[in-house]
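Trainee: Below is the structure I would like to discuss, written out as structure tokens.
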Amino acid sequence: MEFNVEVDARQLACPMPILRAKNALSTMMSGEVLKLVATDKGAPIDFAVFCEKTGNHLLSSTEQNGEFVFMIRRR
């Protein structure tokens, strides 16, 4: 999947991955896609709730080898 901005939030505990995503999204235009990689085990739930509350669209949430990759379309 194509993306416009990538954020590496590996080794960061909650709430840092969410804060990094929020900061990145604030610089992006509507419709652009953010790719964020995190290792925090709570990140899948955190990002589902974050996107629901902010109106951004969680395009995908995948896990591979302990890393979670989120693709988020800015509202």
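Trainee: Among the residues of segment 1-30, write down those that are open to solvent by 30 Å² or more (accessible area, probe 1.4 Å), within 15 Å of residue 75 (Cα to Cα) and outside any helix (DSSP H, G or I).
Mentor: The answer is 3, 4, 5, 27, 29, 30.
Trainee: Look at segment 56-69 and say how many of its residues are outside any strand (DSSP E or B) and open to solvent by 50 Å² or more (accessible area, probe 1.4 Å).
Mentor: 1
Trainee: Given 63, 6, which one is under 10 Å from the mean Cα position of the chain (by Cα), among the acidic types (Asp, Glu) and at pLDDT 95 or above?
Mentor: Among 63, 6, only 6 is under 10 Å from the mean Cα position of the chain (by Cα), among the acidic types (Asp, Glu) and at pLDDT 95 or above.
Trainee: Among the residues in segment 42-53, are any part of a helix (DSSP H, G or I), touching a residue at least 12 places away in the same chain (Cβ under 8 Å) and surrounded by fewer than 14 Cβ atoms within 10 Å (Cβ to Cβ)?
Mentor: There is at least one residue in segment 42-53 that is part of a helix (DSSP H, G or I), touching a residue at least 12 places away in the same chain (Cβ under 8 Å) and surrounded by fewer than 14 Cβ atoms within 10 Å (Cβ to Cβ).
The values are calculated or read from the model by the stated rules, or taken from the named source; none is laboratory data. Note that the structure is a prediction, hence the values are computed from the model and not measured. Cβ: placed from backbone, ideal geometry, glycine included. Neighbour counts: every protein chain shown. Only protein heavy atoms, including side chains, enter the accessible area calculation; ligands, DNA and RNA are left aside. Shrake-Rupley method; radii C 1.70, N 1.55, O 1.52, S 1.80 Å.
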